[in-house]
Amino acid sequence: MPRATSSRVVLVPVKKLKHIEGFSKTRAAWLRRKIIKEGIWNKPVALDEKHGLVMDGQHRLEAALALGLKKIPAVKYRYSEVEIWSLRPRKYQFDWKQVVARALSGDIYPYKTVKHRFPSPLPECRFSLDELM
């Protein structure tokens, strides 16, 4: 299958990635089925380049785990260069350092808490599932 992808997209080992917040099991299952049906992976996850923290793509990570993929497409960012805010500001106020510390300790934020604005949009990609096994 021909692959159209940005040079910023790299393949990363799934087993080294970590969540920063929770996810919807229903949404992750829907996404897994969609990926199987289409037979391609078309959107990279956004990662903190230092720790492998998934800044955007919690459901994609869960779909990859459920599919038994060894690697997935990603774009890496320096967390300090990404705008971050809470979707639940009355309950959670944080900066990127606090998000990193909680994720590394395993105390991730609830689903739909952490929001990011990246310096550049995530590019599209196209990888067959065989390429990711």
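The values are calculated or read from the model by the stated rules, or taken from the named source; none is laboratory data. Nothing here was measured: the structure is a model prediction, and the numbers come from that model. Using ideal geometry, Cβ is built from the backbone for each residue, glycine included, and neighbour counts are taken over all protein chains shown. For accessibility, only protein heavy atoms count, side chains too; no ligands or nucleic acids. Shrake-Rupley method; radii C 1.70, N 1.55, O 1.52, S 1.80 Å.
Observations on the model:
- Scanning the stretch 101-133 for residues that are outside any loop (DSSP other than H, G, I, E, B) and small (Gly, Ala, Ser), we see that the one that is surrounded by the fewest Cβ atoms within 10 Å (Cβ to Cβ) is Ser105.
- In the stretch 58-85, the residue that is most open to solvent (accessible area, probe 1.4 Å) out of those that are assigned to a loop (DSSP other than H, G, I, E, B) and in contact (Cβ under 8 Å) with a residue 40 or more places away in the chain is Lys70.
- Pairs meeting the criteria (first residue in the stretch 106-128 and on the phi < 0 side of the Ramachandran plot and of a type in the set (Ser, Thr, Tyr), second residue loosely packed, with under 13 Cβ neighbours inside 10 Å and part of a loop (DSSP other than H, G, I, E, B), beta carbons under 6 Å, at least 6 apart or on different chains) are Ser128/Met1.
- Scanning the stretch 38-57 for residues that are assigned to a loop (DSSP other than H, G, I, E, B) and either of a type in the set (Ser, Thr, Tyr) or surrounded by fewer than 22 Cβ atoms within 10 Å (Cβ to Cβ) (or both) returns Gly39, Asn42, Lys43, Glu49, Lys50, His51, Gly52.
- Conditions (1) assigned to a helix (DSSP H, G or I); (2) within 17 Å of Glu124 (Cα to Cα); number of the one not met by Gln98: (2)
- Matching residues, the stretch 87-100, being open to solvent by 60 Å² or more (accessible area, probe 1.4 Å) and either of a type in the set (Phe, Trp, Tyr) or within 11 Å of Ile20 (Cβ to Cβ) (or both): Trp96, Gln98
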